[in-house]
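Since the structure comes first, as structure tokens, the remarks are kept for the end.
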Amino acid sequence: MLKVIGAGFPRTGTSSTKAALERLGFGPCYHMFEILSNPDHVERWLPAASGEPLDWERVLEGYRSTQDWPASFFWREQAEAYPDAKVVLTVRDPHRWYDSMGMLLANGPGRELPPGMPEGAIAVFQAMAGLRPVLDMIGRSVFGETWNFGERLPSEKVAVEAFHRHVDAVQKSLPADRLLIFDVREGWEPLCDFLGVDVPEGEPFPHLNDSDTMRRMMERLVTEGSVESPFGGGRRG
């Protein structure tokens with residue numbers, strides 16, 4: 001049963017929040033990394049590309065929380081399907097977010113792939129290619145009908161306006177007692193207070209998957225064929 005719904009855009013601290021939620025007992029948390037690690041998950045999401053409703057019990061089977069696209073794009077549908085779940089909207093300075101998203105696209109879907117990649121890397125990129133119709137749909141919904149996932153972001157003005165529009169829509173759609181607008185720089189206290197759990201004593205709030213981490217992960221994938229989890233647990237692939 002889903003307990004916490006992520007509603008934030010990628011590159012707003014979703015990886016750190018995933019790690020925090022799992023530390024607090026709300027794991028496992030569904031994040032884009034789950035698809036990188038489990039390429040067979042792609043087909044769970046494909047009906048969304050043609051406008052069909054998703055079977056959330058199947059898509060999120062075994063997970064207790066969500067963060068990051070594609071899951072966080074469907075925050076509204078999940079909030080309706082799981083009326084007792086709370087919603088965490090991760091945010092950051094939108095101009096810094098814009099720079100970080102540009103880096104993500106350049107080092108992920110937009111990068112030029114070298115010949116002779118290991119089989120593990122090929123499987124991951126094939127999975128992401130299979131997910132492309134869903135990501136294109138998300139991108140067009142957020143940035144406009146002419147945009148496709150993997151392209152450069154639209155202008156900073158257009159993208160930042162989309163960011164503010166999204167935050168405003170989430171805030172207006174949910175009652176205050178069900179929504180936390182969360183900047184990971186705030187640390188444990190607001191998240192724990194919102195979820196009604198104790199702050200982990202003596203533990204720093206996790207800060208994961210910054211730009212350098214993502215770049216190293218992608219380099220290792222294309223050279224070694226393995227995905228090294230930023231959440232611990234070693235490599236997969």
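Using Cα pairs under 8 angstrom and six or more residues apart, how large is the relative contact order of the chain, in percent? Before the final figure, lay out each step's value.
Details: 345 pairs, mean separation 66.1, N = 237.
It comes to 28 percent, rounded to a whole number.
Using alpha carbons only, what's the Rg to Rh ratio of the range 156-228 with Rh from Kirkwood?
Numbers: Rg = 17.4 Å, Rh = 15.7 Å.
Reported Rg/Rh (Cα atoms, Kirkwood Rh): 1.11.
Mean 1/r over all different Cα pairs, inverted: what Kirkwood radius does the chain give, in Å?
Numbers: mean 1/r = 0.0550 Å⁻¹.
Value: 18.2 Å, from the Cα pair sum.
Quick one: 3J(HN,Hα) in Hz for the range 101-106, Karplus 6.51/-1.76/1.60 with θ = phi - 60°, rounded, Gly and Pro as x.
Along the range 101-106, the couplings run 5, x, 5, 4, 5, 5 Hz.
So what J values fall out for the range 23-33 if you push phi through Karplus, 6.51 cos²θ - 1.76 cosθ + 1.60 with θ = phi - 60°, rounded to Hz, Gly and Pro as x?
5, 8, x, 10, x, x, 10, 7, 9, 3, 4
Assigning unit charges at the beta carbon (Lys, Arg +1; Asp, Glu -1) and nothing else, what dipole magnitude in debye, to the nearest 20, does the chain show about its Cα centre?
Working: 25 positive and 35 negative charges, 65 e Å.
Dipole of the chain, to the nearest 20 debye: 320 debye.
Kirkwood Rh over Cα pairs of the range 1-134 into Stokes-Einstein at 20 °C, 1.002 mPa s: D in µm²/s? Show your work: numbers first, answer last.
Working: Rh = 15.6 Å.
My calculation gives 137 µm²/s for D.
Looking only at the range 4-29, which residues have a backbone nitrogen under 18 Å from a spot 7 Å from the Cα of Glu201 in the C-beta direction?
Counting backbone N atoms under 18 Å from the label point, the list is 24-25.
With n ≥ 4 as the cut-off for DSSP H runs, can you work out [θ] at 222 nm for the chain, using -39500 (n - 2.57) per run divided by the number of residues, rounded to the nearest 500?
On the way: 10 runs with 110 residues, N = 237.
Helices in the chain give a 222 nm mean residue ellipticity of -14000 deg cm²/dmol.
Each value in this text was obtained by applying a stated rule to the coordinates, not by laboratory testing. Keep in mind the model is a prediction, meaning the values are calculated, not measured. FYI the Cβ positions are ideal-geometry reconstructions off the backbone, even for glycines, and counts take in every protein chain you see.
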